[in-house]
Amino acid sequence: MSRPLPRDSVALMEGYHSPQIDVDVRLNTNESPESPPPGFAEDVAAAIAEIEWHRYPGRSATELRTEIGRLHGVGPAQVFAANGSNEVLQTLLLTYGGPGRSAAMFEPTYALHSHLSRITGTGVIEGERLADFSLDMDEVERLITEHRPAVTFLCSPNNPTGVVDTEAQIRRTLELVTDTRGILCVDEAYGQFADFTAVDLLGSEVPLVVSRTYSKTWAMAAARLGYVVAPEWVVAELDKVVLPYHLDAMTQIAGTVALRHLDAMNERVARLVEERARLMAALADLPVDVWPSSANFVLIRPRERDGGEVWQGLVDRSILVRNCASWPRLEGCLRVTIGTPEEDDRFLAALAEVLT
Ligand SMILES: *Cc1c(COP(=O)(O)O)cnc(C)c1O
């Protein structure tokens, strides 16, 4: 028999590639090197013991949304939470994108912005960044006025480059998006590292959503929880589109309990910033180009060696970093998550060995 075919946009697609290889030192997916703060797991276990397992979880996740809202100074009706910020972004595209509409992004940036656009049948409009990977505001203006995308993505700090967009750049992009009746999504997965948050630009008639995740600096990648802060009318539309009861009771509990440990979470961010400075200083002595980073990872490019070979050399030494070879515009680059000092020392020693 001939097999049924998936939709054209799916058939043409490559899946998400980030190999999960069993190694000693995992610096490839920007997770926190530390587990959540002491007491977190016990608090979650105690709350999970109280779950009424025969009942569906609260569909509107009111307690979780209330606590997240409190964190950002907004009410629960301005918060939409889902299974990782990836599900949040997918829901946004299912709501505002789709066939006949387009989404704009400025490459190189987080691969899921274009990937999720394609999956949801949304046209993809790729803009270019400047050579130092900062936003090219002429390009932003040209793309938005010419194509009038339904959704425009920014990512600040940007994955995989670590570059932050300035407040002026975000404000200007928001003006352009507003004038063309689109919606701006600022992905702040690494927002804890930046001085400015686009949450400060939210307003009841402002077409802006700001997405955040528990996965990275908050040390909760295993839970799959992300959210957007947005105007109430956006949240109301997202709630219509997402599957009912999509956010299970355990995830809701984990997300609520985590917010009681906020100080400890913030201390981790400070430790990572210190460790990042130490790692960057050590990298400066090796034959690699290093981009300045405002996130919990750094982008590097070996000057004299092929990036793929260096990646393999590190894997051979039980260290996994992200090989950016398949990432257009990032040929030869590697993205390295900031680990513990011990992990980073092992990485530095292995890198020095591979490069000499
Ligand atoms: C990791 C990441 C996400 C996705 O995180 P989830 O684990 O799905 O919450 C979203 N945006 C960026 C820029 C990321 O790096």
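The values are calculated or read from the model by the stated rules, or taken from the named source; none is laboratory data. Please read all numbers here as calculations on a predicted model, not as lab measurements. Positions of Cβ are generated from backbone atoms using ideal geometry, with glycine treated the same way; all protein chains shown enter the neighbour counts.
Structural remarks
- The set of residues from the stretch 180-191 being within 11 Å of the ligand (Cβ to nearest atom) and within 19 Å of ALA103 (Cβ to Cβ) comprises CYS185, VAL186, ASP187, GLU188, ALA189.
- Restricting attention to the stretch 298-343, the residues that are touching a strand residue (DSSP E or B) at 6+ places or on another chain (Cβ under 8 Å) and in a helix (DSSP H, G or I) total 6.
- Filtering the stretch 102-121 for residues that are surrounded by fewer than 20 Cβ atoms within 10 Å (Cβ to Cβ), touching a helix residue (DSSP H, G or I) at 6+ places or on another chain (Cβ under 9 Å), of a type in the set (S, T, N, Q) and on the phi < 0 side of the Ramachandran plot leaves a non-empty set.
- Set side by side, the residues GLU309, GLU275, GLU343, GLU304 differ, and just one is modelled with pLDDT of 95 or more, surrounded by fewer than 17 Cβ atoms within 10 Å (Cβ to Cβ) and of a type in the set (Asp, Glu), which is GLU309.
- Scope the stretch 192-234; condition assigned to a helix (DSSP H, G or I), within 14 Å of the ligand (Cβ to nearest atom) and closer than 14 Å to SER156 by Cβ; matching residues: GLN192, PHE193, ALA198
- Pair list, Cβ under 9 Å, 6 or more apart: the stretch 43-65 residue farther than 22 Å from VAL229 by Cα, other residue among the basic types (Lys, Arg) and surrounded by 11 or more Cβ atoms within 10 Å (Cβ to Cβ): ASP43/ARG260
- Residue match in the stretch 158-167 (condition: surrounded by fewer than 21 Cβ atoms within 10 Å (Cβ to Cβ) and either over 19 Å from LEU93 (Cβ atoms) or not hydrophobic (A, V, I, L, M, F, W, C) (or both)): yes
- Scan of the stretch 136-149 for residues that are surrounded by fewer than 24 Cβ atoms within 10 Å (Cβ to Cβ) and not in a helix (DSSP H, G or I), ordered by number: ASP136, ARG148
- Under the condition of being among the polar types (S, T, N, Q), more than 26 Å from LEU262 (Cβ to Cβ) and in a loop (DSSP other than H, G, I, E, B), the residues counted in the stretch 1-41 number 4.
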